[in-house]
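To keep things clear, I will list the structure first and then write my remarks on it.
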């Protein structure tokens, strides 16, 4: 790269200010609704590289309302910090018998997060996520964290609704789920347009996470409704059956990635 061009990602300029994404560290904090589920495994080879392992039938859908920053500057101009996304995670068994997570599908509403995700091997696409926020007030509209409180979340992709979730808090302690419990393998690969007939060469990485923090998790019961879509392939997971759910806040710092 030309030493005069300081950008980490395009557009490439001498200052780097216009780059979509600055270099790590990337600090994330957010409100999450997590729905652990059982999925079908028959179509695993259609999206999971054989070299990574096999599906166990466990998975999770996360709805997340994030705030992210590099050095704190984005927090005073929050259009650069805030985004929402829906993350689909499946559990895989590696050839050595160990368990890991893999993300086959993820949708986000912010270009900064989208590019940051692709760099980490998360297959982000644009989508619109809405989710109930819990606020620290004992008032109906605040969705307080107590038994009987109901929350909802939805994902729409290209103006078509794809996922609907409904949660009801039990009042009992919950637990971290999905990508909050184990490492998630990312898939990095990009085609070379000078060789238009050749597909990308894929490689796999793990996030280099420097720190992880979380609030208490609150247990919930959940229902899911998956709607048909003309393009998205969530149906490859077959019938999705919720088994447990939780809500809470989490934060991590990503400083890079390491080869698998």
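Read-outs throughout are calculated quantities, based only on the coordinates presented, and are distinct from any laboratory measurement. These numbers come from a predicted model, not from an experiment. Positions of Cβ are backbone-derived with ideal geometry, glycine not excepted, and every protein chain shown enters the neighbour counts.
Here the translational diffusion coefficient of segment 119-168 follows from Stokes-Einstein with Rh set to the Kirkwood radius across Cα pairs; for 4 °C and 1.567 mPa s it amounts to 101 µm²/s. Take each peptide in 239-245, 81-87, 146-152, 58-64, count the other Cβ atoms within 10 Å of every residue, and average; sorted highest first, the result is 58-64, 81-87, 239-245, 146-152. Helices in the chain, meaning DSSP H runs of at least 4 residues, each add -39500 (n - 2.57). Divided by all residues, the mean residue ellipticity at 222 nm is -1000 deg cm²/dmol.
The relative contact order of segment 14-150 comes to 19 percent, based on Cα pairs under 8 Å that sit 6 or more residues apart. In the chain, the ratio of gyration radius to Kirkwood radius, Rg to Rh, stands at 0.97 when only Cα atoms are counted. With contacts taken as Cα pairs under 8 Å at a separation of at least 6 residues, segment 75-127 carries a relative contact order of 31 percent. Footprinting exposure proxy ranking of 154, 235, fewest other C-beta atoms within 10 angstrom first, gives 235, 154. Once the gyration tensor of the Cα atoms in segment 73-117 is diagonalised, the equivalent ellipsoid follows with semi-axes of 31, 11, 8 Å, ordered largest first. Short to long, the 5 Å bins of the Cα pair-distance histogram for segment 1-139 hold 2, 9, 15, 17, 16, 14, 11, 9, 5, 2, 0, 0 percent of all pairs.
Relative contact order for the chain: 21 percent, from Cα pairs under 8 Å spaced at least 6 residues apart, divided by residue count.
From most to least packed by mean Cβ count within 10 Å, the peptides 40-51, 23-34 give 23-34, 40-51. The three principal axes of the C-alpha atoms in segment 136-260 carry coordinate ranges of 59, 39, 24 Å, sorted with the longest axis first.
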